[in-house]
Amino acid sequence: MSIKIQSYITAFLLFILSSTAMAAGKLSPDDGNGTLKGVVTDKKDGQAIVGATISVPDIKSGTTSDVSGHYSLTGLPKGIHLVQVSYIGYATFTQSVDFTKTTVLNIQLQSSSIETSEVVITGVSKATEIKRDPVPMVAVGKAYIDQHSASGNVIDEVANLPGVSAVTTGPNISKPYIHGLGYNRVITLQDGIRQEGQQWGDEHGIEVDQNSIDRVEIIKGPASLTYGSDAIGGVVNLITAPSVPDGKILGSVQGIYGTNNGLINGSFKLQGNNNGLVWGTVISDKEAKDYQNQHDGRVYATGFQEKDARAMIGLNKSWGSSYLNASIFDDLQDIPDGSRDSITRQFTKQITDADTYRPIVPESELNSYAIPTLHQHVQLYRIYDNSNFNVGGGTLIVNLGYQYSHRREYTHPEDPTIPGLNLELTTYTYDVKYDFDLGKGFETTVGVNGMYQNNNLGYSTDFPIPAYHQFDIGPFFVLKKTYGKLDLSGGLREDSRSFSGKAAYIDTSKQYFPTLYTGPNPTGTPNVTQQFSALNKTFSGTSGSIGATYNFSDSFLLKGNVARGFRAPSIAELSANGPDPGSQIYHVGNSSFKPEFSLQEDIGAFLTLPNVSASAEFFDNNIQNYIFQEQILDANGNPERVNADGSSNPNGEYSKFTYVQSKARIAGGEFSLDIHPVSWLHFENSLTLTYGTNLGNGGKVPDSLRYLPFIPPMHTHSELRGTFAKGAGNFKNLYAFVGFDHFNAQGHFFSAYGTETYTGAYNLLSAGIGGNLVDKNGKKVVELFIEGTNLANINYQSNMSRLKYFDNATVPPGVQPGIFNMGRNISFKVVVPFDLSAHPKS
């Protein structure tokens, strides 16, 4: 271990010890215990608003207004914190409140479809309004998630937001992309704890139960100093529901059905709060059969079965809060390969390891929920704690996490219990930071975070990456200051990542089931070859950002930000040497890689008027040592195909890819125009542009290598929405919308070696309707959401879909190769809430 890393660890331990000592000296039972109460009314007519959400995001405390509009928050800490009040059909109210001085706050909400005061907690020291933070961000809440329930996973629910997209492998496997960057360049968090699986792999998604997510916040670009390496593209923070009000036990039963693939998604939720002792659970079960479209019919091996469970227990007191969470994600996922009968173009399936003949998949199997013999099994066990302590006039935040990711791919039809791939990744994450006022209004955060990982290879027959240890550490600081209408923020971070990969050798005497050895080379044993060399690497780099927001008025502001990002190469990019059955790729790494560094400039203008809102945002990201995959050619200049052991075979199962480095540039922007002729009518329009260019390493770049892979085309979205918060009779919070999405043709693609191909333009029509049924007291009885996607049943291929390239090696003339995206789908979501709280006697 290097002296530099040892010094980091020493500093970290000293920081923990000093912080703990401070906490011991400063915390006491009577430190705080403030109360805030009031009434929420409609500004226009003064009527009480029932069910408005009042929250203090910094301390995860919240409540709702009762039938008379009254609310009460107790156990509040000393100090100034942001209070947020929201209700569908009204502009969100935000105000900084000093809980040591203010105990009553009456709130009047203005009827509006414009979201002018969206509050975020990701990547900032304290809860902050998006419009006042120079870092480019977007956030959506529970209402948005509920109304987009047709998506098969939580990433797809946000993949149409400006600047955001997803690489998909069917309806349940989606990886977030931000401004043309994804995989190990975007960190996905759950409640601020980084999600760690095998992110380098193509064919598995984010191991999170979408039913447990209440809110999503997205940082667009490398401006997040608090997350370090792998956040060079941005951050997606999936946030679970806040605690329920004191004295309440609330729950719901939820069901979702999708017509296209027969999606059945059931979920049970229950939460309680007894004098600050909070707890909750979410249990979900989701399954779907093969999806369908007019071009392909039902697409074989795109079904899945997912089971999830989550439990939380914590304390929410005047001294702060601490929440302990535990969750299980268990997903059985079909593995499509796109093989078809050469005459009928019906899907076929592999039935022997020799794979000399493939029968046509019968209709009964295409319509079945059963998981086929060839499938992957992904499990993630997670335990994490989010704690906030009020210490010395500031807040000490401690986030600790443990994750065990077990991913298996079963690829042997004659030996269904033997996995082709078996990866076991254990991750410990730590994040400690202290928020305080440095004086004269300087909001300051200092901290350190990182992780330790251990990856093991379980018994299997394919070995794409080695067993390894990894350790990350990164201290950082962030400063924020407001000068009247000018908001400034900036900071610095220093990261270090160390890899230690194990040497490994393979006995290839068995054709389908080789044996892997680690440790000393078993010399003298016949048929033994080296699979992985020993690896010891340390990467370090400095990142930072500085930005400003100038509020010319309440209606118009300008933002600008410059950020430098850092990313160490992943273990796959450094050491891969083997097949990944699910992706049909044989990966070859390069241990000589340098870390990536990026410099991104962002600028944006935002206009908010009573009936019109508009924005224009531009970004320019220049990346040094950009790593991407490039297909390997054989001696004749043709794409090389290999067997599982890496031996060349023109009819081999895998395409062989290596990783290369180059300079790259990604630039583009997002534009929006929302027109509100009346308060209930909302006409929303947005346009997203992303251009990715390979700049090479000197000299002219061939046309086939000119563009970067997986760059989304120009995308426009238009939506006409009506929102009726007061509804009619017993129906409240009614809404209806019609949406139109246009995706340009993608002619700027990474065409070398047939890696990517031209993608045609397409248009998609969507619509939705829903609302709440309430009783005579205004209490919700049923929530209903109906959403239709691709209502015109268009046959299309997205350039962000990996299934676009799944087909036979030879396709008949005049036939468009690859699998098409999902056809028409109508989703029905029903939520039945219930209240088990003890009610006072009359």
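The values are calculated or read from the model by the stated rules, or taken from the named source; none is laboratory data. These figures come from a predicted structure and were not determined experimentally. Cβ sites come from the backbone with ideal geometry, for glycine too, and all protein chains shown count toward neighbours.
Keeping to segment 52-74, report how many residues are surrounded by fewer than 20 Cβ atoms within 10 Å (Cβ to Cβ), over 29 Å from the mean Cα position of the chain (by Cα) and either in the same structural domain as Asn733 (by TED's automatic domain parsing) or not hydrophobic (A, V, I, L, M, F, W, C) (or both).
Here the count works out to 5.
Quick one: how many residues across segment 644-664 are within 34 Å of the chain's Cα centre (by Cα) and either free of Cβ contacts under 8 Å to residues at least 12 places away in the same chain or in a strand (DSSP E or B) (or both)?
Residues meeting the conditions: 11.
Taking strands (runs of 3 or more DSSP E) that do not extend beyond segment 674-744, which have at least 2 residues that are within 30 Å of Val781 (Cβ to Cβ) and within 27 Å of the chain's Cα centre (by Cα)? So that I can check it myself, show each step before the final result.
Numbers: elements: 681-696, 715-724, 731-743.
Ranges flagged: 715-724, 731-743.
Which numbered condition trips up Gly668, out of (1) modelled with pLDDT under 90; (2) surrounded by 20 or more Cβ atoms within 10 Å (Cβ to Cβ); (3) of a type in the set (Gly, Ala, Ser)?
Looking at each condition in turn, Gly668 falls short on (1).
Give me the residue from segment 711-758 that is of a type in the set (Phe, Trp, Tyr) and touching a Lys or Arg at 6+ places or on another chain (Cβ under 9 Å) and, out of that set, surrounded by the fewest Cβ atoms within 10 Å (Cβ to Cβ). Working first, answer last.
Restricting attention to segment 711-758, the residues satisfying the condition of being of a type in the set (Phe, Trp, Tyr) are 724, 731, 735, 737, 740, 743, 749-750, 753, 758.
Filter once more, keeping what is touching a Lys or Arg at 6+ places or on another chain (Cβ under 9 Å): 724, 735, 737, 750.
On the way: Phe724: 16, Tyr735: 21, Phe737: 18, Phe750: 23.
Out of the qualifying residues, it is Phe724.
Please work out which residue is farthest from Val164 (Cα to Cα), limiting yourself to segment 575-632 and to residues that are of a type in the set (A, V, I, L, M, F, W, C) and part of a loop (DSSP other than H, G, I, E, B). It would help to see each step written out before you state the result.
Within segment 575-632, the first condition is being of a type in the set (A, V, I, L, M, F, W, C), and the residues that meet it are 576, 585, 588, 593, 597, 599, 603, 605-607, 609, 612, 614, 616, 618-619, 623, 627-628, 632.
Then keep just the ones that are part of a loop (DSSP other than H, G, I, E, B); that gives 576, 593, 609, 632.
Values: Ala576: 29, Phe593: 28, Leu609: 26, Ile632: 30 Å.
The extreme case among them is Ile632.
Among the numbered criteria (1) within 30 Å of Trp319 (Cβ to Cβ); (2) buried (at least 22 other Cβ atoms within 10 Å of the Cβ), which single criterion is violated by Leu438?
Answer for Leu438: the failing condition is (2).
Table: residues versus (1) in contact with a His (Cβ under 6 Å, 6 or more places away or on another chain); (2) outside the structural domain of Ser460 (by TED's automatic domain parsing); (3) crowded, with 16+ Cβ neighbours inside 10 Å; (4) within 24 Å of Asp580 (Cα to Cα).
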| site | (1), (2), (3), (4) |
| --- | --- |
| Ser321 | no, no, yes, no |
| Thr344 | no, no, no, no |
| Ala370 | no, no, no, yes |
| Gln376 | no, no, yes, yes |
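Test of understanding: among Thr690, Thr716, which residue is under 18 Å from Ile623 (Cβ atoms) and assigned by TED's automatic domain parsing to the domain that holds Leu773? Working first, answer last.
Details: Thr716 fails: under 18 Å from Ile623 (Cβ atoms).
Just a single option satisfies the conditions, and that option is Thr690.
With the requirement that a residue be among the polar types (S, T, N, Q), more than 30 Å from Phe834 (Cα to Cα) and in a loop (DSSP other than H, G, I, E, B), what does segment 773-804 give you?
Asn790, Asn793, Asn795, Gln797, Ser798, Asn799
Looking only at segment 270-302, count how many residues are within 17 Å of Asn316 (Cα to Cα) and either touching a Gly at 6+ places or on another chain (Cβ under 6 Å) or not in a strand (DSSP E or B) (or both).
5
Conditions: (1) farther than 22 Å from Thr688 by Cα; (2) among the basic types (Lys, Arg); (3) surrounded by fewer than 24 Cβ atoms within 10 Å (Cβ to Cβ). Lys131 meets all but one. Number of the miss?
Just one mismatch for Lys131, condition (1).
From the set of residues in segment 424-463 that are among the acidic types (Asp, Glu) and within 27 Å of the chain's Cα centre (by Cα), which is farthest from Leu225 (Cα to Cα)?
Going residue by residue through segment 424-463, those that are among the acidic types (Asp, Glu) are 424, 431, 435, 437, 443, 462.
Those left that are additionally within 27 Å of the chain's Cα centre (by Cα): 424, 431, 435.
On the way: Glu424: 29, Asp431: 12, Asp435: 14 Å.
My answer is Glu424.
Among the residues of segment 549-574, count how many are surrounded by fewer than 24 Cβ atoms within 10 Å (Cβ to Cβ), in contact (Cβ under 8 Å) with a residue 24 or more places away in the chain, hydroxyl-bearing (Ser, Thr, Tyr) and not in a strand (DSSP E or B).
Counting residues in segment 549-574 that are surrounded by fewer than 24 Cβ atoms within 10 Å (Cβ to Cβ), in contact (Cβ under 8 Å) with a residue 24 or more places away in the chain, hydroxyl-bearing (Ser, Thr, Tyr) and not in a strand (DSSP E or B) gives 1.
Mind telling me which of the residues Tyr659, Tyr735 ends up being of a type in the set (Ser, Thr, Tyr) and over 30 Å from Asn611 (Cβ atoms)? If you could, list the steps in order and put the result at the bottom.
Details: Tyr735 fails: over 30 Å from Asn611 (Cβ atoms).
Going through Tyr659, Tyr735 in turn, just one is of a type in the set (Ser, Thr, Tyr) and over 30 Å from Asn611 (Cβ atoms): Tyr659.
From the list Ser364, Ser405, Ser460, which residue is modelled with pLDDT of 95 or more, among the small types (Gly, Ala, Ser) and not in a strand (DSSP E or B)? Don't jump to the end; show me each part of the working.
Details: Ser405 fails: not in a strand (DSSP E or B); Ser460 fails: modelled with pLDDT of 95 or more.
Just one listed residue meets the conditions, Ser364.
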